[in-house]
1. Per the helix-only calculation at 222 nm, which mean residue ellipticity applies to the chain, given -39500 (n - 2.57) for every DSSP H run of n ≥ 4 and division by its residues, nearest 500 deg cm²/dmol?
2. By its C-alpha gyration tensor, with a ≥ b ≥ c as the square roots of the eigenvalues, how is the stretch 102-191 shaped: rounded for a/c under 1.5, else prolate for a/b larger than b/c, else oblate?
3. Fully extended, how many nm does the chain gain between residue 67 and residue 131 (0.36 nm per residue separation, minus their Cα-Cα distance)?
4. Between residue 110 and residue 20, what's the calculated FRET efficiency when r is the beta-carbon distance and R0 is 22 Å? Round to 0.05.
5. Return the FRET efficiency for the residue pair residue 33, residue 190: r is the Cβ-Cβ distance, R0 is 35 Å, and the value is rounded to the nearest 0.05.
6. How would you order 35-47, 161-173 from highest to lowest mean count of nearby Cβ atoms within 10 Å?
7. So how many Å³ per residue does the convex hull of the Cα atoms of the chain work out to?
8. Residues with beta-carbon under 12 Å from that of residue 95, excluding residue 95: net charge, scoring Lys, Arg +1 and Asp, Glu -1?
Amino acid sequence: MHQKIRKLTYTGLLLALLICLQWAGSQIPSPLVKQLITGTMVNCILAVTALLVGRSSALAIALLSPVFAFLLGIAPQIITVLPIMAGNTLYILILGFLLGTKPQPLWRSCLALGLAALAKFIVLYLLVVVLICDLAAPSLLGQKVGDYVLLGPKMLLANALPLMFSWPQLVTALSGGSLALLIAPTMRKIP
């Protein structure tokens, strides 16, 4: 019972920290700087959760994170929420399966992080840049789900959406995961 309470407590605390970091990041005026800082912090929280608490807790946070990102204005379009969920899920599953919650050798941790970050980047690039922006954009442009526009022309015309889901995704996944690998050993010592 004690272990379940501990896991639930850590999951709740990490989710609360993630929401606070997303809110703080949403206050940054520069879109690219906002994405790099917030994305790094989100990926760090995802990786820390996978490494310390486990895949099921990390999965919950991976699925909730893009919803809060959209509500806070970090995820620019509602249509990006599901692809971000997919990328986050793949990221934490690879980290979780390859590393688990026990300490691993540095080479294994770096290899797992590289694979997880690359997989997340590829999935997001294919789903958002190729599928949504290139192939589906004509039929999605201006369409609404309730009060939300699926894909606004401003994001495509300014090339903002394709940029957001290209190289910055790889950078933030690698940098956030690297931070997690640095702080996880210290956090494992907390009773």
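The values are calculated or read from the model by the stated rules, or taken from the named source; none is laboratory data. What you see is a predicted model, and the numbers here were worked out from it, not measured in a lab. All Cβ positions, glycine included, derive from the backbone under ideal geometry; neighbour counts span all protein chains shown. Areas reflect the complete protein model, heavy atoms only, side chains present, ligands, DNA and RNA absent. Shrake-Rupley method; radii C 1.70, N 1.55, O 1.52, S 1.80 Å.
1. -24000 deg cm²/dmol
2. Note, shape of the stretch 102-191 comes out prolate.
3. Between residue 67 and residue 131, full extension yields 21.0 nm more.
4. 0.15
5. Once rounded, the FRET efficiency stands at 0.65.
6. Top to bottom by mean Cβ count within 10 Å: 35-47, 161-173.
7. Measuring per residue, one finds 111 Å³ for the Cα hull of the chain.
8. Taking every Cβ under 12 Å from that of residue 95, the sum is +3.
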